[in-house]
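Novice: Here it is, the structure, as structure tokens.
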Amino acid sequence: MKILVCISKAPDTTSKILFTDENTKFNETGVQFIVNPYDEWYALVRGLELKEQMGGTVTVIAVGGAENDPIIRKALAIGADDAIRIDAEALDAFAVAQEISNYVSDKSYDLILCGKETISYNGAQVPGLIAEFMDIAFASQAIKLEINGTIATIECDVQGGTEVLEANLPIVLSVAKGMAEQRIPNMRGIMAARTKKLEVMPGSGATNNCEVVGYSLPAAKSGCKYIDPDNAEELISLLRNEAKAI
Amino acid sequence: MSVIVFLDNKDGAFVKSSLEAVNYAANIASVKGVDCIAVSCGKLSNEVLESIGNYGASKVVSNNTENADNSQIASLVSNLVESNSASIVVFSHDFSGKAVAPRVAAKLNAAIVSGVVELPNFDGGFTVKKSVFSGKAFADYKVNSEKAVLSLLPNSLDVITTDNKAEVIADSSDLGTAKMVIKEFKKKGGEGKIDLNEAELVVSAGRGLKGPENWGMVEELASVLGAATACSRPVADIGWRPHHEHVGQTGVAISPNLYIAIGISGAIQHLAGVNRSKVIVVINKDSEAPFFKAADYGIVGDAFEVVPKLVAAAKALN
Ligand SMILES: Cc1cc2nc3c(=O)[nH]c(=O)nc-3n(C[C@H](O)[C@H](O)[C@H](O)COP(=O)(O)OP(=O)(O)OC[C@H]3O[C@@H](n4cnc5c(N)ncnc54)[C@H](O)[C@@H]3O)c2cc1C
């Protein structure tokens, strides 16, 4: 089983979301970057579990500059065997997916696992783009994955429930909560990660079809109207008559 | 020219988020002075197909293939884009949109902007606003390519309907072989339960409820209001509630008209998934709970005393 896990960096969930350069850039001052939780907790861990069951390798891949190396080392500490960083500046998901599929096209991975979205840009685009560039199956928002020989059985979140799908390998998955449980790297893993192979490859000149030109913050709430708990019933009439929400 | 929009269906009807997408696509089409053509896959009655005109599509192209996979639907949509020389394709940023839209973008070499919340701005170019950082901010994306795929964040825009009917065009084109086989559909929750992703009203509870045995009053309030139920992450992690109810930055992101949070502290990661709700009610015994800063209405009190009163008042209203 040759497994590839695509990882991305994302600001820590407690980061202050602020912008600089006249609101055209995300202000990274004081921001701690983490492995995007969906990539780490679910995609990477399920990849490792399958490797433990069936043998094989788990490679992680990230697109971007050397500022990604700490999160790549984290993924290696959790248990990935080796890593690839494609040293390209990708401004949109299209370019990221193109870089990954160009690299992967002759490597015959059986399974390409991605988180369902990043918690920064919430795109949910890279896995589907990779699947189409490679012309292979794509299971979107997967919560379960079992492999039997060359057949993958996958359960995905869909409108109103879940769907059980079957596909031949290779396949791309975008994975959501339920797929696996977060693993905390231990000391041995962290030590081992230092010497695992991280190969840096040049980019293949992928196209950026769009780019961010400005950011803004949502309008602040005008304030909270408090209702006395002894007259809690009043809330229901306010929701009906004032907020017109029920 | 024309704007193409994909429509998803379930149980013989179009899903609500798709109807919003059609309305959005029709609005773009009218700004551009072109047609809005909807495209649907699966067997549907003529009446249902025509009704999409109510939402602004002038035509609906209907392919009868049942259980098509995302690669087949992507072929259907992109063929239609090519044959109409369309430059904008619209999806809902719902489950089906997330599965199909990226494939279409790859096929068409198009820019893809997902989770858009406003009509694009065509003054001197093409920019469109989308939600980023899990609802904590917006970003304006500039489209640099000839074609663009936009997916609309559910419950972002009001839907305006008319009595117009769409012209139904049967499509029997070959969608190629499926890459995946659908084995089974498992319906979520019980009969009559409202799906969290589609819900306009949501009643949610957190660790303040002390244990799973206390969810009766939460479910009752939800049922009286016609709301879906949700929960905070720790509550799903310890197994008090199912995973699919977990809302927040690492769970489901929702934007209902009303979100009632009971015994939830309002951690930044929780707020990130619910802060786009139109009206937020917070019930918490701690007046310092951070959630009150994001609330429109608040009750500082014990959930075990407050919620039964709300249930009674809501019942009296019905
Ligand atoms: C990387 C990361 C991602 C995360 N993602 C998410 C996410 O997606 N969603 C999410 O929800 N959390 C997420 N969290 C967890 C988050 O930080 C909080 O820990 C969590 O939201 C707290 O849940 P809670 O409000 O139910 O519990 P608590 O923080 O324990 O709050 C319980 C609240 O109940 C109140 N209370 C107690 N008793 C009563 C009573 N009788 N009546 C009324 N009120 C009462 C208390 O005053 C308190 O405010 C994430 C954390 C991390 C680190």
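Novice: What residue, among those in the stretch B:187-225 that are β-branched (V, I, T) and away from the ligand (no atom under 16 Å from the Cβ), is most open to solvent (accessible area, probe 1.4 Å)? Steps first, answer last, please.
Specialist: Start the filter on the stretch B:187-225 by keeping residues that are β-branched (V, I, T), which leaves B:194, B:202-203, B:218, B:224.
Next, only the ones that are away from the ligand (no atom under 16 Å from the Cβ) stay: B:194, B:224.
Values: B:I194: 70, B:V224: 26 Å².
Only one residue fits best here, namely B:I194.
Novice: Would you say B:V48 is more than 28 Å from A:S174 (Cβ to Cβ) and modelled with pLDDT of 95 or more?
Specialist: Details: more than 28 Å from A:S174 (Cβ to Cβ): yes; modelled with pLDDT of 95 or more: yes.
For B:V48, the condition - more than 28 Å from A:S174 (Cβ to Cβ) and modelled with pLDDT of 95 or more - is met.
Novice: I've got another one for you. What number of residues within the stretch A:192-246 satisfy the criterion of being open to solvent by less than 50 Å² (accessible area, probe 1.4 Å) and assigned to a strand (DSSP E or B)?
Specialist: Number satisfying all stated conditions: 6.
Novice: Now a separate question. Identify the single condition in (1) open to solvent by 20 Å² or more (accessible area, probe 1.4 Å); (2) near the ligand (Cβ under 7 Å from one of its atoms); (3) part of a helix (DSSP H, G or I) that B:H270 does not satisfy, given that it satisfies every other one.
Specialist: (1)
Novice: Strands (runs of 3 or more DSSP E) wholly in the stretch B:124-186 with at least 2 residues that are surrounded by fewer than 23 Cβ atoms within 10 Å (Cβ to Cβ) - which ones?
Specialist: Here the list reads B:127-132, B:137-143, B:167-171.
Novice: Determine the pairs where a residue that is closer than 18 Å to A:K221 by Cα and small (G, A, S), located within the stretch B:280-309, has a partner that is near the ligand (Cβ under 8 Å from one of its atoms) and in a loop (DSSP other than H, G, I, E, B) with Cβ atoms under 7 Å apart, the partner being 6 or more residues away or on another chain.
Specialist: Taking only residues 6 or more apart or on different chains, the pairs are B:A289/B:S265; B:A289/B:G266; B:A294/B:G266.
Novice: Here is a further query. Test each condition in (1) closer than 24 Å to A:Q141 by Cβ; (2) within 10 Å of chain A (Cβ to nearest Cβ); (3) modelled with pLDDT of 95 or more for B:V202 and report the one that comes out false.
Specialist: (2)
Novice: Right, B:K278: under 27 Å from A:K116 (Cα atoms) and either modelled with pLDDT under 95 or within 8 Å of chain A (Cβ to nearest Cβ) (or both) or not?
Specialist: Considered against the rule, which asks whether it is under 27 Å from A:K116 (Cα atoms) and either modelled with pLDDT under 95 or within 8 Å of chain A (Cβ to nearest Cβ) (or both), B:K278 comes out as yes.
Matching residues to (1) surrounded by 22 or more Cβ atoms within 10 Å (Cβ to Cβ); (2) at pLDDT below 95; (3) farther than 14 Å from A:A10 by Cβ:
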| position | (1), (2), (3) |
| --- | --- |
| A:V58 | yes, no, yes |
| A:R85 | no, no, yes |
| A:F94 | yes, no, yes |
| A:E117 | yes, no, no |
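Novice: While we're on this one: Which number in (1) outside any helix (DSSP H, G or I); (2) within 23 Å of A:L239 (Cβ to Cβ) marks the one condition that B:F291 misses?
Specialist: Only one criterion in (1) outside any helix (DSSP H, G or I); (2) within 23 Å of A:L239 (Cβ to Cβ) is unmet by B:F291, namely (1).
Novice: A further question follows. Across the stretch A:53-100, which residue is nearest to the other protein chains (Cβ to nearest Cβ) among those that are in a helix (DSSP H, G or I) and among the acidic types (D, E)? Walk me through it before giving the result.
Specialist: The initial filter retains those residues of the stretch A:53-100 that are in a helix (DSSP H, G or I), namely A:53-54, A:66-78, A:93-100.
Filter again for among the acidic types (D, E), leaving A:67, A:69, A:99.
On the way: A:E67: 18, A:D69: 23, A:E99: 13 Å.
Here the answer is A:E99.
Novice: Then there's this: Just for the stretch A:1-52: of the residues that are assigned to a strand (DSSP E or B) and within 16 Å of the ligand (Cβ to nearest atom), which one is nearest to A:I143 (Cα to Cα)?
Specialist: We begin by selecting, within the stretch A:1-52, every residue assigned to a strand (DSSP E or B); these are A:2-6, A:9-11, A:19-20, A:25-26, A:33-35.
Checking the rest, the ones that are also within 16 Å of the ligand (Cβ to nearest atom) come to A:9-11, A:33-35.
Numbers: A:K9: 22, A:A10: 22, A:P11: 24, A:F33: 25, A:I34: 22, A:V35: 19 Å.
Residue satisfying both the conditions and the ranking: A:V35.
Novice: Please enumerate the residues belonging to the stretch A:121-148 that are surrounded by fewer than 21 Cβ atoms within 10 Å (Cβ to Cβ), touching a residue at least 24 places away in the same chain (Cβ under 8 Å) and assigned to a loop (DSSP other than H, G, I, E, B).
Specialist: A:I136
Novice: Can you tell me which residues in the stretch B:236-265 are more than 7 Å from the ligand (Cβ to nearest atom) and over 25 Å from A:A180 (Cα atoms)? Steps first, please.
Specialist: Of all residues in the stretch B:236-265, those more than 7 Å from the ligand (Cβ to nearest atom) come to B:236-245, B:252-261.
Correct list: B:S255, B:P256, B:N257, B:L258, B:Y259, B:I260, B:A261.
Novice: Among the acidic types (D, E) and surrounded by 17 or more Cβ atoms within 10 Å (Cβ to Cβ): which single residue out of B:E305, B:E245, B:E288 fits that description?
Specialist: Values: B:E305 fails: surrounded by 17 or more Cβ atoms within 10 Å (Cβ to Cβ); B:E288 fails: surrounded by 17 or more Cβ atoms within 10 Å (Cβ to Cβ).
Answer to the check: B:E245.
Novice: Could you say whether any residue in the stretch A:44-54 is under 23 Å from B:A272 (Cβ atoms), within 12 Å of the chain's Cα centre (by Cα) and among the hydrophobic types (A, V, I, L, M, F, W, C)? Walk me through how you get there before you give the answer.
Specialist: We begin by selecting, within the stretch A:44-54, every residue under 23 Å from B:A272 (Cβ atoms); these are A:44-45.
Pick out the ones that are also within 12 Å of the chain's Cα centre (by Cα) and you get A:44.
Next, only the ones that are among the hydrophobic types (A, V, I, L, M, F, W, C) stay: A:44.
Yes - at least one qualifying residue is present in the stretch A:44-54.
Novice: Ok, one more. Please go through the stretch B:63-91 and give me each residue that is of a type outside the set (S, T, N, Q) and in contact (Cβ under 8 Å) with a residue 40 or more places away in the chain, ordered by number.
Specialist: If we filter the stretch B:63-91 for residues that are of a type outside the set (S, T, N, Q), which is where we start, we get B:66, B:68-69, B:73-74, B:76-77, B:80-82, B:86, B:88-91.
Residues satisfying the conditions are B:A68, B:D69, B:I73, B:L76, B:V77, B:L80, B:V81, B:A86, B:I88, B:V89, B:V90, B:F91.
Novice: Also: Restricting to the stretch B:282-316, and then to whatever is more than 7 Å from every other protein chain (Cβ to nearest Cβ) and closer than 26 Å to B:L153 by Cα, can you tell me which residue is nearest to the ligand (Cβ to nearest atom)?
Specialist: Only one residue fits best here, namely B:F291.
The values are calculated or read from the model by the stated rules, or taken from the named source; none is laboratory data. As the structure is a computational prediction, the values presented were derived from the model and not from experiment. With ideal geometry, Cβ positions are generated from the backbone for all residues, glycine too; neighbour counts draw on all protein chains shown. These accessible areas exclude ligands, DNA and RNA; they are computed on the full protein's heavy atoms, side chains included. Shrake-Rupley method; radii C 1.70, N 1.55, O 1.52, S 1.80 Å.
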